[in-house]
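In what follows, a structure is listed as structure tokens, so that the remarks can point back to it.
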């Protein structure tokens, strides 16, 4: 990226998914939702999801990446098309915060548990995570370098994925 041209940024809302490469960064804001970032350093390609819930409520849901289950399937599909294996990727898991600590809602923890389970089942290894706790997070994933940045209470950068 040249210093004179700003990097393009794409904002991912709940249910959004992006996989690709290029001079751009992906950004999202999380509460109880989960973001999975994936980076393949040899191919210089990666992606990011913003999942609202753990798994499909019923067959035929047309917004599959609203769910952790659908996002993991999409990552697997894209890698398969490239001839890449899940174990070759750097995967980070972020989010799953408790937005209402005074209430018994545990959707954040359910998202965390589902993501860990489904990623492992699909052959991915989580190399870093910042999950749980209370409050929101802002995540930026750079598709040029594979770096992941996190802004949250008591959080630091997740560093380079390469």
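Residue 73 meets all of the listed conditions (1) assigned to a strand (DSSP E or B); (2) at pLDDT below 95 but one, namely (1). Residue count for the stretch 105-150, restricted to those that are part of a strand (DSSP E or B), within 15 Å of the chain's Cα centre (by Cα) and surrounded by fewer than 16 Cβ atoms within 10 Å (Cβ to Cβ): 4. Scanning the stretch 21-61 for residues that are surrounded by fewer than 24 Cβ atoms within 10 Å (Cβ to Cβ), in a strand (DSSP E or B) and out of contact with any helix residue (DSSP H, G or I) (no Cβ under 9 Å at 6 or more places or on another chain) turns up 24, 25, 27, 29. In the stretch 48-68, what count of residues is obtained for those that are modelled with pLDDT of 90 or more and more than 12 Å from the chain's Cα centre (by Cα)? The number of residues fulfilling the criteria is 0. The number of residues in the stretch 13-43 being over 19 Å from residue 99 (Cα atoms) and free of Cβ contacts under 8 Å to residues at least 60 places away in the same chain comes to 7.
The values are calculated or read from the model by the stated rules, or taken from the named source; none is laboratory data. Keep in mind that what you see is a predicted model, and the values were worked out from it rather than measured. All Cβ positions, glycine included, derive from the backbone under ideal geometry; neighbour counts span all protein chains shown.
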